[in-house]
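To keep things clear, I will list the structure first and then write my remarks on it.
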Amino acid sequence: MDVVAGSKAELNLVRSLRDRLSDLGFDVRLHPVEVISWEDVNCLIDGSIKCTSQPPQRSQYVSGVLGRDVLLTSTTEDPDNMWVIHGRAVKEGYEAVIFFDSYPEVRKRRIVLTGELSYSTTSKVRDDVLSVHIPLDVGLKLKELYGRRVDVEVKVRKVLSTGYNLEATYGEDPKMVVAAHHDRWLSGFRDDVNGLLILMKLAEEVSKKGRQPIRLVSFTAEEYGDPEEPLLYWAYGSRAYVSRYGEALEDTLLFVVVDTAFTEPLEASFVGLDEGLWRYVSNVEVVESNAGIAYTDALSALNLAIPTLVFHNIHKIKPVYHSDRDVYDLSVKYFNERVVNSLMGLAELANLRTSELINMVGRYLTSKVKYVGVDNPLKAFKCFVKHMLLLVNKGSYDKLDSELAVMSYEDLRRYGNQKFTLLTNDVELTPNSTTFEELYRKALNEFLECVSKVG
């Protein structure tokens with residue numbers, strides 16, 4: 001069921017997308033990307049209990065005492081806490097971790113477990129600590145073996161391969177990009193098959209009406225696949241895309257990512273924009289959220305300092321997230337139609353009402369940096385992204401239920417004593433600390449100097 005970066009399943013999928021988009025009149029290109037392709041081959045406990053291997057581990061075998069050498073533990077309501085629990089277990093010296101699910105209906109789940117409680121881009125994942133998943137009922141039975149020796153064996157295929165970013169352009173000089181990703185763990189309907197369905201429905205509407213130029217992109221290796229295996233492992237395909245083809249996006253005014261979007265109210269996270277957006281997305285019920293940017297390919301759009309919007313349901317997907325229960329739901333049909341209508345409205349904003357969009361960028365900047373008047377919002381926004389925007393973890397890495405966010409210094413200052421971790425260097429600080437104030441003043445001066453140079 002997985003469609004992993006660099007697999008035959010991925011190649012077959014992008015070829016079918018390419019052919020359909022070509023039939024709709026799009027200029028379609030496949031951009032190859034070197035990736036690590038990771039596939040689960042076999043996973044067994046005591047030779048007969050089936051389990052699900054967790055990326056990015058390599059093939060390995062562990063024989064140890066349950067509770068001493070091998071940790072048996074539950075997942076939580078938020079499956080991403082597996083990353084924290086696994087990281088703690090590695091620090092405590094466990095040789096293997098067996099997770100049983102908190103949700104009775106889930107039989108398989110797959111979460112990238114890096115073995116380190118950090119998202120540093122300069123440190124690498126650990127793939128030498130075995131980690132597997134089993135269903136809840138199997139886990140409760142396995143508890144009876146506490147204090148006894150258990151054997152856990154995983155076989156995976158982990159090789160360098162080639163993944164593909166798909167880029168489809170309609171019309172001349174499009175000002176808006178709409179993106180999703182086509183790799184997935186297990187059935188992955190909400191994450192992110194439905195994003196692809198929305199892209200394809202949007203392509204049909206654009207082709208039928210023939211008015212708005214647009215660029216559609218489907219990324220490889222959003223879930224995992226960077227050959228360097230940094231601890232900040234996700235959104236690799238989009239990073240490769242903007243690194244290589246960023247110049248082609250110089251005139252892009254709006255970058256929209258659709259990821260885990262499946263129900264109303266739809267969550268919307270944005271950087272470089274303001275509530276003026278809502279009049280263009282009135283076809284669908286939307287609530288503002290701070291969560292979507294940090295977990296998606298939107299991070300790559302911000303590398304180019306393009307105003308960015310994410311449509312997602314990150315908070316509602318958790319029970320089925322990266323599991324075999326993330327399957328097709330008939331209710332998305334009409335939901336997708338409403339999202340597509342809103343995307344058509346945003347394309348009109350980007351292509352035909354550019355001055356209104358640029359004014360949004362200006363209002364966003366003055367709301368985030370009270371010391372600046374903005375004459376050239378787009379150029380000033382590039383300065384803002386470079387100097388004033390931070391990727392943070394709300395709290396410490398080793399705390400359950402922490403959340404990543406993209407926030408400005410001004411945003412952080414409102415949180416007083418709350419602890420944050422900066423992902424760039426793993427520094428923990430509180431906004432009311434002397435260290436934070438020194439960083440803020442330095443960044444503000446650099447931002448103001450940058451703005452003065454660009455005009």
For this session: List every residue pair whose Cβ atoms sit under 9 Å apart, with the two residues 6 or more apart in sequence or on different chains, where the first one lies in region 303-326 and is under 27 Å from VAL242 (Cα atoms) and free of Cβ contacts under 8 Å to residues at least 60 places away in the same chain and the second, anywhere, is among the charged types (D, E, K, R) and in a strand (DSSP E or B).
Result: VAL310/GLU267; PHE311/GLU267; HIS312/GLU267; ILE314/GLU267
Exercise. What about THR114, is it at pLDDT 95 or above, among the β-branched types (Val, Ile, Thr) and under 21 Å from the mean Cα position of the chain (by Cα)?
Worked result: yes
Problem set entry | Of all residues making up region 10-39, the number that are more than 30 Å from LYS208 (Cβ to Cβ) and without any contact (Cβ under 8 Å) to a residue 40 or more places away in the chain | 0
Exercise. Out of all the residues in region 273-290, which are in contact with a strand residue (DSSP E or B) (Cβ under 9 Å, 6 or more places away or on another chain), among the small types (Gly, Ala, Ser) and either surrounded by fewer than 18 Cβ atoms within 10 Å (Cβ to Cβ) or modelled with pLDDT of 95 or more (or both)?
Worked result: none
Problem set entry | Residues located in region 376-395, provided they are under 21 Å from the mean Cα position of the chain (by Cα), part of a helix (DSSP H, G or I) and within 13 Å of TYR364 (Cα to Cα) | VAL385
For this session: Restrict the check to region 48-56 and report whether at least one residue is buried (at least 20 other Cβ atoms within 10 Å of the Cβ), in contact with a Leu (Cβ under 6 Å, 6 or more places away or on another chain) and either modelled with pLDDT of 95 or more or over 18 Å from ASP324 (Cβ atoms) (or both).
Result: yes
Seminar exercise, completed: For region 276-298, the count of residues that are in a strand (DSSP E or B) and not hydrophobic (A, V, I, L, M, F, W, C) equals 1
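The rows are residues; the columns are (1) buried (at least 24 other Cβ atoms within 10 Å of the Cβ); (2) of a type outside the set (A, V, I, L, M, F, W, C); (3) over 20 Å from LEU299 (Cα atoms).
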| site | (1), (2), (3) |
| --- | --- |
| MET176 | yes, no, no |
| ALA180 | yes, no, no |
| SER187 | no, yes, yes |
| GLU223 | yes, yes, no |
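Okay, residues lined up against (1) of a type in the set (A, V, I, L, M, F, W, C); (2) at pLDDT 95 or above; (3) not in a loop (DSSP other than H, G, I, E, B):
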residue	(1), (2), (3)
VAL106	yes, yes, no
LEU140	yes, yes, yes
LYS155	no, yes, yes
GLY163	no, yes, yes
Seminar exercise, completed: Residue pairs within 9 Å by beta carbon, gap of at least six or interchain, first lying in region 170-181 and over 22 Å from ASP259 (Cβ atoms) and in contact (Cβ under 8 Å) with a residue 12 or more places away in the chain, second assigned to a loop (DSSP other than H, G, I, E, B) and of a type in the set (S, T, N, Q), listed first then second, are GLY171/GLN212
For this session: Output the residues belonging to region 359-373 that are part of a loop (DSSP other than H, G, I, E, B) and either surrounded by fewer than 20 Cβ atoms within 10 Å (Cβ to Cβ) or modelled with pLDDT of 95 or more (or both).
Result: LYS370, TYR371, VAL372, GLY373
Seminar exercise, completed: Pairs returned, first residue in region 333-351 that is touching a residue at least 24 places away in the same chain (Cβ under 8 Å), second residue that is among the hydroxyl-bearing types (Ser, Thr, Tyr) and assigned to a helix (DSSP H, G or I), beta-carbon separation under 7 angstrom, 6 or more apart or interchain, are SER342/TYR280; GLY345/TYR280; LEU346/TYR280; LEU349/TYR280
Problem set entry | Test for VAL451: is it of a type in the set (A, V, I, L, M), out of contact with any strand residue (DSSP E or B) (no Cβ under 9 Å at 6 or more places or on another chain) and either surrounded by 12 or more Cβ atoms within 10 Å (Cβ to Cβ) or part of a strand (DSSP E or B) (or both) | yes
For this session: Would you please name the residue that is farthest from the chain's Cα centre (by Cα), looking only at residues in region 117-138 that are modelled with pLDDT of 95 or more and of a type in the set (Val, Ile, Thr)?
Result: VAL138
Seminar exercise, completed: Apart from one, (1) among the hydrophobic types (A, V, I, L, M, F, W, C); (2) crowded, with 16+ Cβ neighbours inside 10 Å; (3) in contact with a helix residue (DSSP H, G or I) (Cβ under 9 Å, 6 or more places away or on another chain) all hold for VAL327; the odd one out is (2)
Problem set entry | Residue count for region 188-244, restricted to those that are under 26 Å from VAL159 (Cα atoms) and outside any helix (DSSP H, G or I) | 20
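The values are calculated or read from the model by the stated rules, or taken from the named source; none is laboratory data. Small disclaimer: the values here were computed from a predicted structure and weren't measured. In this analysis, Cβ positions are derived from the backbone assuming ideal geometry, glycine residues included, and neighbour counts consider all displayed protein chains.
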